[in-house]
Ligand SMILES: C[S@@+](CC[C@H](N)C(=O)[O-])C[C@H]1O[C@@H](n2cnc3c(N)ncnc32)[C@H](O)[C@@H]1O
């Protein structure tokens, strides 16, 4: 039997390289005895890419990242079930396999968007065909939105992405999307300033990336756009996807505001 090809390096830097953090968390989850997400593609990619994964590993956090992905998957799944000819826009997709995990109905058009170098790397692992599309662009650039259908309900999902933008860039992006798409929702996560400071202490040393947007007051989300309505905000620590072995530790952490509000999931409609 032929042996698998030797792992190869990808040409990614700074913010792009942060995609390895959730990717590795999902691969570890896949290899665990009771996976939360069970993402075989993450494991396949981690094995195929030569990267110092231990450099980005942090204790405890992988579970939270996988729980976050699982909850966002669930919201997108609900949306496409309710709108079988809708559009999914997956912002800052990295090398994530959300499209394969969800397997949306045939009538759904799916757009994975990330920086050009990330999309180039993505093309070695995913085929663009049928209703699955990849867009190589900074999400803060205005042009890519014009390529989206403008007459269908649209769900926008951003998993571990908005914290890398300035708040004004997030507000501009929301404005452009609600101008272009007739109705839909945004599903995403936000970090508080405590998580931002801890994340930046690690990130800057390890990858040169920098987290920028912290949300301490949920009113900051409500003020992003007058046309977007927040319908849910909740701590990842309290998700029903948190596995039993982690519940005690996360339950204790939940008593402390800094931890409780460190990673929150948000669902907004427009
Ligand atoms: C922490 S990773 C998350 C990747 C993916 N969402 C996941 O959960 O596996 C952040 C991702 O956002 C992308 N990103 C950050 N800022 C971006 C921007 N301005 N435009 C496009 N992509 C961006 C990075 O390239 C990276 O893939």
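Where a number appears in this text, it was derived from the coordinates with a stated rule and is not lab data. In this text the structure is predicted, and so the values were computed from the model without any measurement. Every residue, glycine among them, receives a Cβ derived from its backbone with ideal geometry; neighbour counts consider all protein chains shown.
Things worth noting here:
- Counting beta carbons within 10 Å around each of 90, 240, 180 and listing the fewest first gives the order 240, 180, 90.
- Order of 168, 63 - criterion: other Cβ atoms within 10 Å of each residue's Cβ, fewest first: 168, 63
- Nearest-0.05 FRET efficiency for residue 168 and residue 240, computed from C-beta distance (R0 51 Å): 0.90
- Ordering 228, 156 from the fewest to the most neighbouring beta carbons within 10 Å gives 228, 156.
- Residue of 104, 22, 149 that the Gaussian network model of the chain assigns the largest fluctuation, springs spanning Cα pairs under 10 Å: 149
- Square roots of five times the Cα gyration tensor eigenvalues for the range 58-269, Å: 27, 19, 19
- Mean residue ellipticity, 222 nm, helices only, the chain: the sum of -39500 (n - 2.57) across DSSP H runs of n ≥ 4, divided by residue count and rounded to 500, is -11500 deg cm²/dmol.
- Summary of packing: across the peptides 23-36, 245-258, the per-residue average of other C-beta atoms within 10 Å ranks them, highest first, as 23-36, 245-258.
- Percentage relative contact order, the range 58-269, counting C-alpha pairs under 8 Å, at least six apart: 21 percent
- Extension gain, residue 32-residue 48: 0.36 nm per intervening residue step, less the Cα-Cα distance, totals 3.9 nm.
- Modelled spin labels at residue 57 and residue 13, positioned 7 Å past Cα toward Cβ, are 2.8 nm from each other.
- Cα extents of the range 28-71 along the three principal axes, largest first (Å): 28, 21, 18
- Translational diffusion coefficient (Stokes-Einstein; Kirkwood radius from C-alpha pairs) of the range 149-219 at 25 °C, 0.890 mPa s, in µm²/s: 182 µm²/s
- Shown here are the Rg and Dmax of the Cα trace of the range 66-150, at 12.5, 34 Å.
- Pairwise label distance in nanometres, residue 131 with residue 230, each label 7 Å out on the Cα-Cβ vector: 3.2 nm
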